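What follows is calculated from the coordinates using simple rules that are stated; it is not laboratory data. Everything numeric here is computed off the predicted structure, so don't read it as measured data. Using ideal geometry, Cβ is built from the backbone for each residue, glycine included, and neighbour counts are taken over all protein chains shown.
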Amino acid sequence: MSVFASADPADMAQDYAPLVAQVAGDGWDAVALFPSYGVEIRGLALERPLSEDDQPRLRGLFDTHHLLLFRAQQLRDEDQQRACRYLRPVVDEVAWVSNVEAGFHPETELLYHCDYAFTANPMLGLSLYATVVAPGAAPTRFANNARALTTLPAELRDQLEQLNVVHMVDSVSGRNNVRTRLDDVGGAAASTAWYPRCSRPAVWPHPLTGEPLLFVLEQQASHFDGWTCDDSDELLDIVFAHLYDEANVYEHEWQVGDLIIWDNLAVQHGRRANPNAVRRSLRRVAMNTVTTAELIAGTGFDPAVRARRQSGE
């Protein structure tokens with residue numbers, strides 16, 4: 001297996017010791033993508049099914065390094081879904097993060113988040129496959145929740161280990177470039193349908209691997225449970241500064257044919273603004289044991305709930 005990066009070799013030896021210990025498949029290599037996490041898989045064409053030997057090797061890399069990049073792929077919908085199923089369950093159809101195809105693609109900045117962290121069953125993993133990338137299209141930024149915890153000062157970690165954080169989303173305004181704070185939308189009395197939310201430990205063990213994560217998300221973290229938003233803001237800002245330090249963020253400049261698959265719990269993602277005039281189209285496959293329809297049922301994202309609101313019921 002080949003492991004390359006421009007970072008200091010001593011740091012790489014420490015960061016990638018688990019990677020070096022693994023064995024790549026016949027004809028493909030796993031190459032260090034970023035000094036602190038992620039690997040690029042080279043020599044593996046995902047338009048064909050993987051061998052029974054390669055599937056657990058790929059899963060091992062995913063569980064350890066949280067983000068996989070495959071370049072120059074030519075994938076149909078079903079190829080992308082199959083690749084994701086090697087790593088986590090897939091129960092939804094493909095969707096689009098796109099201003100070309102019908103899909104979700106706001107022009108504004110997207111703050112760092114993990115998809116559906118405001119529910120009890122956030123996505124286990126996500127993948128994006130680039131089909132259209134115009135010059136100037138926004139890169140996607142990834143921040144590593146697992147690494148951030150290991151580099152957190154001990155006193156701060158001790159404090160966070162005693163706290164739960166409430167993640168929520170505003171389905172009324174649908175804003176993605178502003179942190180949602182419960183106190184700004186009516187406090188505890190705010191509707192859980194229109195402002196769905198979920199409390200979990202700020203230091204949270206990964207439900208599948210057990211790896212401890214610093215699970216505090218810029219877009220969705222409203223406050224610490226039992227604290228007001230104002231009392232929470234200072235500590236949240238300290239945590240955000242640590243999470244989004246450049247040493248913990250990988251920024252991917254998309255090329256057509258790129259496929260990235262990442263662990264949605266171990267890794268946050270976001271991007272800068274991307275005007276609709278700048279074409280950008282990424283096919284999305286989500287990984288979970290629960291469908292998106294089940295996740296949003298009864299919330300402001302549920303088409304039936306929105307229809308009742310519009311009709312005045």
(message) Could you tell me the calculated FRET efficiency between ARG200 and ARG48, based on Cβ-Cβ distance and R0 = 45 angstrom, to the nearest 0.05?
(response) 0.70
(request) Can you tell me how much longer the chain between ALA241 and ASP225 gets when fully stretched, taken as 0.36 nm per residue apart minus their C-alpha distance, in nm with one decimal? (result) 3.7 nm
(message) If every alpha-carbon in segment 23-72 counts as one equal scatterer, what log10 I(q)/I(0) does Debye give at q = 0.16, 0.20, 0.24 1/Å?
(response) -0.40, -0.64, -0.92
(message) If you build the convex hull over the alpha carbons only and average its shadow over all orientations, what do you get for segment 154-313? Give it in nm² to one decimal.
(response) 12.1 nm²
(message) Show me the GluC sites (Glu not before Pro) within segment 215-292 that DSSP assigns to loop and that have at most 13 other Cβ atoms within 10 Å of their Cβ.
(response) GLU253
(request) Enumerate the calculated ³J(HN,Hα) couplings along segment 302-309 in order (Karplus 6.51 cos²θ - 1.76 cosθ + 1.60, θ = phi - 60°), each rounded to whole Hz, writing x wherever the residue is Gly or Pro. (result) 6, x, 5, 5, 5, 5, 5, 5
(request) Report Rg/Rh for segment 73-172, rounded to two decimals, where Rg is the Cα radius of gyration and Rh the Kirkwood radius. (result) 1.01
(request) State, to one decimal in nm, how far the label point of VAL172 lies from the label point of ALA120, with both points 7 Å from Cα in the Cβ direction. (result) 2.6 nm
(message) Give me, ordered by chain and number, the residues 5 or more places off THR140 or on other chains with an amide H under 5 Å from its own placed amide H.
(response) HIS252, TRP254
(request) Compute the label zone of VAL100 within segment 119-138: residues whose backbone N is under 15 Å from the point 7 Å along Cα-to-Cβ. (result) 128-138
(request) Could you pull out every residue, at least 5 positions away or on a different chain, whose amide H is within less than 5 Å of the one on ALA202? Hs are placed 1.01 Å off N in the peptide plane, and Pro or chain starts have none. (result) LEU163, ASN164, VAL165
(request) Please express the shape of the chain as an equivalent ellipsoid: the semi-axes are the square roots of 5 times the eigenvalues of the C-alpha gyration tensor, given largest first in whole angstrom. (result) 31, 25, 18
(request) List the extent of the Cα atoms of segment 238-302 along each of their three principal axes, largest first, rounded to whole Å. (result) 38, 35, 22
(request) Return, ordered by residue number, the residues of segment 277-313 whose backbone nitrogen is under 13 Å from a label point located 7 Å along Cα→Cβ of ALA193. (result) 297-313
(message) Relative contact order for the chain: what percent, with Cα pairs under 8 Å and sequence separation of 6 or more?
(response) 29 percent
(message) Between ASP183 and ASN276, what is 0.36 nm times their sequence separation minus the Cα-Cα distance? Round to one decimal in nm.
(response) 30.2 nm
(request) Please identify, among ALA83, ALA277, ALA221, the residue showing maximal mean-square fluctuation in a Gaussian network model of the chain using a 10 angstrom Cα cutoff. (result) ALA277
(request) Mind jotting down the distance between the C-alpha centroids of segment 58-126 and segment 226-282, whole Å? (result) 14 Å
